[in-house]
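Below: the structure, in structure tokens.
FYI, it's all coordinate maths here, none of it is from the lab. Just so it is clear, the model here is predicted, and its values are computed rather than measured. All Cβ positions, glycine included, derive from the backbone under ideal geometry; neighbour counts span all protein chains shown.
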Amino acid sequence: MKIALAQLNYIIGDFEGNASKIIEHIHIAKERGADLIVFAELCVCGYPPRDFLEFDHFIQQSYQSVVHIASHCKGIAAIVGAPSVNPATKGKSLYNSAYFLQDGQIHSVVHKTLLPNYDVFDEYRYFEPNRLPYQVIEYKGHRIALTICEDLWNISDDLLYIRNPMEELVTMDPTLIINISASPFHIHQPKQRLEVLARNAVTYSIPVIYVNHVGGQTELLFDGGSLVVKPDGNPTMELNRFREDFGIWDTKKNAEPVSQSLQKANMEEVELIYGALLMGIHDYFVKMRFARAILGLSGGIDSAVTLVLAVQALGESNVHALLLPSRFSSEHSITDAAKLSDNIHVSYDIIKIDEPYETLEKALSPWFENLPFDLAEENIQARLRAMILMAFANKFGYILLNTSNKSEAAVGYGTLYGDMCGGLSVLGDVYKTHVYDLARFINRDREIIPASTIAKPPSAELRPDQLDSDSLPEYSLLDKILSGYIEERKGPDELIRDGFDEATVRKVLRLVNTNEWKRYQTPPILRISPKAFGSGRRMPIVARYLG
């Protein structure tokens, strides 16, 4: 049997567009001799639909789309994901379902059993877990164990669920496992995903066909990486990452070696981050029907990397930079910012903020007079820059890109309504040390970001001779503590046992916890780590844990 894998980029709630794309690929697969084509989890409505699932009209449109798609399944079968209504009087009103479409109609429906309710997942809020007896789907001489995403993940040594769908399905002698998925990207996910799929294939001695979403859905990024894993645990075909892709696998060729496409999909961590961020920026703008981006270019590493990513994602003609120097800005910061803009052919303007700053100084002097220069004056500069950037955004139709990194966001090293403004946070889940990795990756073939931007000590340049290290530990140390606390959930005692200085650990953790109120007001953050700020990390604002 020839099985087509359709790895597509959907838009949540765009039933007409999603169905059209699905139907187009059904016909492509049929023309290429495929017997079955597989699409992703909840592909008909897009993922994650979240509270749209509470609207009856949304569910009706989804079902009508499934029926329409089914009418094109003649001479070929298809598997699509969509919500379905739970007819029972008890439990949630919906299932997360996989529809098997054949002979122009809905042949059978399989419901998801294991509903993730951790990190960015909130499926139990909407869906009833399957409690019905399992059945395999017989088609073209094969017995298909059809599963949905998390249904294959309860196979690790540390089981999260009581029930294991495959342990029940395997008693029915399936010959294939097909898993439709909506598996969001983070830098460790490709490796973890392959391990899970390979373990299923080896445990049950059955090939696994896995189809994932690709594309950005606000903060969630889906890398694709759809693949086929042989019973020995080795992948035999893998679709590309961060773009739509299509492939056909023949069950008769299960013994063939790894295809060339698999080799192309193997990426280093920095390349994965780079590809994910490019896709996230591009899809956010395209799906929101935004056209152009603007950002403040300071001459520092964060804004430099953000600018290059924006240009790569949107095109140089759709990005504009503002250089907004103050009396404290160094000459090399201005020249570095201008040189970068010239290197990538981006238009820019220079607007000095000294005059409006002095006007505010004068207006505030009756109250601020004889008081020392401190954070208040520093933040006025950052907020003036934000006002100018937003004025340009409003007047000329730009979307402001936020350039703050995860290290700064974690410890509150940013100005609310100042440099924390924006419509999208590009680097908000990228630690400062990884920002430098991205800069070096960008410069891998030629110098795009000036070497001096990468080499100079980081500074906000809001007071004379200011350095980030005046207020924070060196980023090489800070990022290790932050990663241990945020991603690995290590408490202060564990971090101290790991060899970090006690006073530094307690200071950093206190800063993280007491700045939750700031992060609550930041723009959406493109997620590339296992634990990003946003929907996947739900911390109370008012609390005193380590505060």
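Here are the numbers for the structure shown:
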read-out	value
Sequence-distant residues sharing a close amide H with residue 77 (under 5 Å, placed H)	36, 37
Net length gained if the chain between residue 108 and residue 20 were fully extended (0.36 nm per residue, minus Cα distance)	29.5 nm
0 to 90° range, to nearest 10: angle between helix 475-486 axis and the chain longest Cα axis	40
Where the Cα pairs of the stretch 2-266 fall when distances are cut into 10 Å bins, in %	7, 33, 40, 18, 1, 0
Proximal charge balance of residue 393 [Cβ under 14 Å; K/R count +1, D/E count -1]	+2
Unit charges at the beta carbon, dipole of the stretch 142-231: most positive-side option, 215, 181, 229	229
Degrees, to the nearest 10: 331-343 long Cα axis against longest axis of the chain	40
Phi to ³J(HN,Hα) by Karplus 6.51 cos²θ - 1.76 cosθ + 1.60 over the stretch 57-68, Hz, x for Gly, Pro	4, 4, 5, 5, 4, 4, 5, 4, 5, 4, 4, 5
Shape call, the stretch 111-182: gyration tensor on alpha carbons, a/c limit 1.5	prolate
In order through the stretch 101-115: 3J(HN,Hα) via Karplus (6.51 cos²θ - 1.76 cosθ + 1.60), integer Hz, x for Gly, Pro	9, 7, 6, x, 8, 6, 7, 7, 10, 10, 9, 6, 9, 9, 9
Residues 367, 249, 517 arranged by fewest to most Cβ contacts within 10 Å	367, 517, 249
Fewest-first ranking of 448, 22, 541, 353, using other Cβ atoms within 10 Å as the exposure measure	541, 448, 353, 22
Neighbour net charge for residue 315 - beta-carbon separation under 15 angstrom, K R +1, D E -1	-1
Given 352/456; 74/287; 480/507; 30/253; 352/406; 21/253, the pairs whose alpha carbons are separated by over 24 Å	74/287; 352/406; 21/253
Helix-only CD estimate at 222 nm, as mean residue ellipticity for the chain, using -39500 (n - 2.57) per DSSP H run (n ≥ 4)	-11000 deg cm²/dmol
Calculated diffusion of the stretch 441-547, Stokes-Einstein form, Kirkwood radius summed over Cα pairs, 10 °C and 1.306 mPa s, µm²/s	98
Charged-residue dipole, Cβ positions (Lys, Arg, Asp, Glu), the stretch 2-266 about Cα centre, Debye nearest 20	520
Relative contact order for the chain, counting Cα pairs under 8 Å that sit 6 or more residues apart, in percent	11
Mean-position separation - Cα centroids, the stretch 438-458 and the stretch 281-315, in angstrom	17
Cα-based helix-to-principal-axis angle, 269-287 vs the chain, degrees rounded to 10	90
